[in-house]
Amino acid sequence: MNHRPSQLRRLALVVFAVLLLGGGSLGYVLHAMHRDLPPAAADGSFSLAEPGLYYRDSATGRIARRSGTGGPPATGGPACERFYAAGERALCLRKLPGIPARTQALVLDRQLREVERLTVPGIPNRARVSASGNVLSWTAFAIGDSYATTGFSTRTSILDLRTGYLIKSMEEIPLTIDGTRYHAPDVNYWGVTFARDDNRFYATVSTKSRTHLVEGDLHAWSAKALRENVECPSLSPDNTRIAFKKKVSDDPAAPWRLYVLDLADLREHPLAEMHSVDDQAAWLDDGTVGYALPGGEGRAAGIWSVPADGTGEPRLLVPGGSSPAAAS
């Protein structure tokens, strides 16, 4: 007797069942991935309309606000891993579940409602918004998750909301180092900061194991190196100085120290913070720099501030906070 037709039918039923179960499982996994991702929107009563220090609360993963008048912080902001706000816009970076790593960049308005959403490869790392809110930038780790290790790779994007133009990778910008057009396969950009004209910008570029501060021009589509050993620049509100982290040690546990650079003469001075800071500092006003520390070595985790002129001493502003952004 020929049993082949019945065997084929049984095989077909088994395959169908596997596909059905697999599809159901896949559907559940995709549903769970989105279910486990906290909603990005604020709760409706939380917005950038109130002046104060906005930051990520590590206990909830959401954006909170501390007012200058004291009292308990306001809560109910969006869930973000990196955050920054200025002018009419905010930028919220979130790590999406799954492999490979992906970052969701959410553009928010002053009511912290979603305006635009983009997904890019990598792990969320840096976020910046120009003073007007028109131009935004974010950096994600494509390979690795720390600037203190070797072999990392970054991907930095710039979005111009006036035109909708997206620079997917800053590595496309023509770069000049020491007066010569520079080409190398290991070029990495990160830590963008914008001038008030929404055109000039500063950023870090690394190549051949060296880091450079670059000044860029979006309209001219060009960037030039100004000096070495400058990472994660942050331009002061008056556009005259840059706060940055400078490598001062080969110790991977404490390689950096915060400095401020005067753009008029490119002279620099260290700030009073003696701990290693792996953050893109934020100017809280023209005389104060804010930054996040992970804690340890007798120092509490949270957002700290220090005078920009090198005097004074560090002061804890927000225990357990990160991603500081001052809004007025």
Got at least one residue in the range 189-207 being in contact with a Phe, Trp or Tyr (Cβ under 7 Å, 6 or more places away or on another chain), modelled with pLDDT of 95 or more, under 24 Å from I167 (Cα atoms) and aromatic (F, W, Y)?
yes
Filtered residue count, the range 282-305, keeping only those that are in contact (Cβ under 8 Å) with a residue 60 or more places away in the chain and among the charged types (D, E, K, R):
0
Would you say R126 is closer than 23 Å to T60 by Cβ and over 12 Å from the mean Cα position of the chain (by Cα)?
no
Considering only the range 272-283, how many residues are within 22 Å of P124 (Cβ to Cβ) and either of a type outside the set (A, V, I, L, M, F, W, C) or open to solvent by 30 Å² or more (accessible area, probe 1.4 Å) (or both)?
4
Buried (at least 16 other Cβ atoms within 10 Å of the Cβ), touching a residue at least 12 places away in the same chain (Cβ under 8 Å), touching a Gly at 6+ places or on another chain (Cβ under 7 Å) and closer than 23 Å to T240 by Cβ, is that true of A308?
yes
Would it be correct to say that S58 is in contact with a strand residue (DSSP E or B) (Cβ under 8 Å, 6 or more places away or on another chain), modelled with pLDDT of 50 or more and over 24 Å from A105 (Cα atoms)?
no
Find the residue count for the range 82-110, including only residues that are touching a Phe, Trp or Tyr at 6+ places or on another chain (Cβ under 9 Å) and surrounded by fewer than 15 Cβ atoms within 10 Å (Cβ to Cβ).
0
Any residue at all in the range 184-199 that is open to solvent by 60 Å² or more (accessible area, probe 1.4 Å) and either aliphatic (A, V, I, L, M) or not in a loop (DSSP other than H, G, I, E, B) (or both)?
no
All but one of (1) part of a loop (DSSP other than H, G, I, E, B); (2) more than 29 Å from N134 (Cα to Cα) hold for E268; state the number of the condition that does not hold.
(1)
Those residues of the range 159-183 which are under 28 Å from G133 (Cα atoms), part of a strand (DSSP E or B) and free of Cβ contacts under 8 Å to residues at least 24 places away in the same chain amount to Y165, I167
T103 being among the β-branched types (V, I, T) and modelled with pLDDT of 95 or more:
yes
Any chance the range 214-227 includes a residue that's more than 22 Å from G133 (Cβ to Cβ), of a type in the set (S, T, N, Q) and assigned to a strand (DSSP E or B)?
yes
Among (1) open to solvent by less than 40 Å² (accessible area, probe 1.4 Å); (2) of a type outside the set (D, E, K, R); (3) within 17 Å of the chain's Cα centre (by Cα) - the single one I177 does not satisfy:
(3)
The range 117-135, subset of a type in the set (D, E, K, R) and surrounded by 15 or more Cβ atoms within 10 Å (Cβ to Cβ), residue farthest from L48 (Cα to Cα):
R126
Of E228, E215, E313, E297, which residue is open to solvent by 50 Å² or more (accessible area, probe 1.4 Å) and under 22 Å from I177 (Cβ atoms)?
E228
Among the residues of the range 241-271, the number that are open to solvent by 60 Å² or more (accessible area, probe 1.4 Å) and within 27 Å of I167 (Cα to Cα) is 0
Going through the range 277-304 in order, the residues found to be over 22 Å from Y202 (Cα atoms) and assigned to a strand (DSSP E or B) are L293, G296, R299, G302, I303, W304
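The values are calculated or read from the model by the stated rules, or taken from the named source; none is laboratory data. In this text the structure is predicted, and so the values were computed from the model without any measurement. So basically every Cβ, Gly included, is an ideal-geometry build from the backbone, and we count neighbours across all protein chains shown. Just the protein is used for accessible areas: all its heavy atoms, side chains included, with ligands, DNA and RNA removed. Shrake-Rupley method; radii C 1.70, N 1.55, O 1.52, S 1.80 Å.
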